[in-house]
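Written out below as structure tokens is the structure these notes cover.
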Amino acid sequence: MKTLGIGGSTIEAELAAIEPMAYLAKAIEPHEFKTRLTNAISFMKKEGAAALYVHAGTNLFYFTGTKWNSSERMVGALILPNGKVHYVAPEFERGTILDFMGIEGIIEGWEEHESPYELLVSILKENGITNGNIAIDEATPFFIVDGINKLNTQFNLVNAKTITAGCRMIKSQAEIDIIQIVMDITMKVQQAAARILHIGISAQKVTNFIHQAHIRYGSPNGSYFCIVLFGVDSSFPHGVKAPNDLAENDVVLIDTGCSLHDYISDITRTYVFGKPNEEQTKIWNLEKETQLAAFEAAQLGNKCEEIDNASRKTLEASGLGPDYKLPGLPHRTGHGLGLDIHEWPYIVRNDHTILESGMVFSIEPMICVPNKFGIRLEDHVYMTEDGPSWLTLPAYSIEDPFGVAIEIIA
């Protein structure tokens, strides 16, 4: 018996059947950005930070609603304890900053021949901050930190991760609602991608289809990323240089996602095109068992590392590993997700972050069997006040990964 829900359709038919879903998701409202600033200030006080600098990128957007890509020029925002925001940017970008600005603030411009680091220090002093800890966005390029340090000021630059991660790890209901829709879209794309498979199809052709399908569902930029692997290629977690075409009875691993209102989806499905053999079935079932064991360990008050420990205990009990050895699980069990595809919390040994309501993270304890195949089932959970809840339902079985038979019975 061949795997249910795999093959039998065409790219043209699947694209034609898509009905847009992106309209179901609503962008973050302006008032939420103000709440984020309030939360950041609360964390600043708790951490003893006199000010917080957030650099161009996702932290700047998260706290101010201002979209700007990081580059060789310093662009960011200085958040003060009184709630005021001072944007630091090249003077010639003033008009564009005004256009992109979310939270209103004062634009402090520096000319090309001037030092933005001196400007930042002067802003602090003008606001009565002459010493103490200045929390610097952990994604800030080294050249900026180095430039400020070389001024020999009385300021102590510290990692802002406890503030930025402390805020961003706990998702609001509005964030979770967007993530749910974008996950639903990618799950439908995963199902459609499985249906277009046939012997000889290239990984690139499937990748192109997935990109177009994401666009048709309403993700304007299509796939945020896409990994398509067949056969032995699937034993390499993040792909190979020259992917193989699909052959009969190959393991198929597809890991993809898209973006909507700046929030990202990320789902992996693995199954067999053809008839699963005994070893493929054994490892697939163990992968699902391991994923569910990790889910059970994701309880409020537990540490992130306890989820990873649960994965490895399950695998070791079946003779795989130990630790990161192969055959077994070569990487962490999961990662947080939101504006970045990989963000806090991280589901890995030695991450002592306590699980709280509002956290969103993946559970993907991939099993790699060298020179044969790999099985990764990746779904995300969000922590509710009652414990973990799936954003997407886990795969059903290797013979019926998308629950086709269950849908027919229903």
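The values are calculated or read from the model by the stated rules, or taken from the named source; none is laboratory data. What you see is a predicted model, and the numbers here were worked out from it, not measured in a lab. With ideal geometry, Cβ positions are generated from the backbone for all residues, glycine too; neighbour counts draw on all protein chains shown. We work out accessible area using only protein heavy atoms, side chains counted, and drop any ligands, DNA or RNA first. Shrake-Rupley method; radii C 1.70, N 1.55, O 1.52, S 1.80 Å.
Beta carbons closer than 9 Å, at least 6 apart along the sequence or on distinct chains, pair a first residue in region 349-370 that is under 18 Å from residue 233 (Cβ atoms) with a second that is aromatic (Phe, Trp, Tyr) for 367/284; 368/236. Scanning region 274-319 for residues that are open to solvent by 10 Å² or more (accessible area, probe 1.4 Å) and small (Gly, Ala, Ser), which turns out nearest to residue 395 (Cα to Cα)? By that ranking, first place goes to 293. Being open to solvent by less than 70 Å² (accessible area, probe 1.4 Å), aliphatic (A, V, I, L, M) and part of a helix (DSSP H, G or I) holds for only one residue in 40, 51, 77, and it is 40.
Criterion applied to 173, 212 was being open to solvent by 10 Å² or more (accessible area, probe 1.4 Å), within 30 Å of residue 384 (Cβ to Cβ) and not β-branched (Val, Ile, Thr), and the one residue passing it is 173.
Would you tally the residues in region 60-87 being more than 28 Å from the chain's Cα centre (by Cα) and either of a type in the set (A, V, I, L, M) or over 20 Å from residue 124 (Cα atoms) (or both)? Going through region 60-87 one residue at a time, the tally reaches 1. Restricting attention to region 109-167, the residues that are over 30 Å from residue 354 (Cα atoms), open to solvent by less than 30 Å² (accessible area, probe 1.4 Å) and either modelled with pLDDT under 95 or of a type in the set (Ser, Thr, Tyr) (or both) total 0. For region 17-28, the tally of residues that are over 21 Å from the mean Cα position of the chain (by Cα) and open to solvent by 30 Å² or more (accessible area, probe 1.4 Å) stands at 4. Of the strands (runs of 3 or more DSSP E) entirely within region 320-397, those holding at least 2 residues that are surrounded by fewer than 18 Cβ atoms within 10 Å (Cβ to Cβ) occupy 387-390. Being out of contact with any strand residue (DSSP E or B) (no Cβ under 7 Å at 6 or more places or on another chain) and acidic (Asp, Glu) holds for only one residue in 250, 255, 177, 266, and it is 177.
Scanning region 80-103 for residues that are open to solvent by less than 20 Å² (accessible area, probe 1.4 Å) and of a type in the set (Phe, Trp, Tyr) yields a total of 1.
Any residue at all in region 254-271 that's over 28 Å from residue 216 (Cβ atoms), outside any strand (DSSP E or B) and open to solvent by 10 Å² or more (accessible area, probe 1.4 Å)? No; the residues of region 254-271 include none that is over 28 Å from residue 216 (Cβ atoms), outside any strand (DSSP E or B) and open to solvent by 10 Å² or more (accessible area, probe 1.4 Å). Checking each residue in region 9-48 for being in contact with a Ser or Thr (Cβ under 9 Å, 6 or more places away or on another chain), more than 20 Å from residue 212 (Cβ to Cβ) and among the aliphatic types (A, V, I, L, M) picks out 28, 37, 40.
When 278, 289 are checked against the criterion of being charged (D, E, K, R) and touching a residue at least 12 places away in the same chain (Cβ under 8 Å), 289 stands alone in meeting it. Looking across region 1-15 at every residue that is hydrophobic (A, V, I, L, M, F, W, C) and open to solvent by less than 80 Å² (accessible area, probe 1.4 Å), the one that is modelled with the lowest pLDDT is identified as 4.
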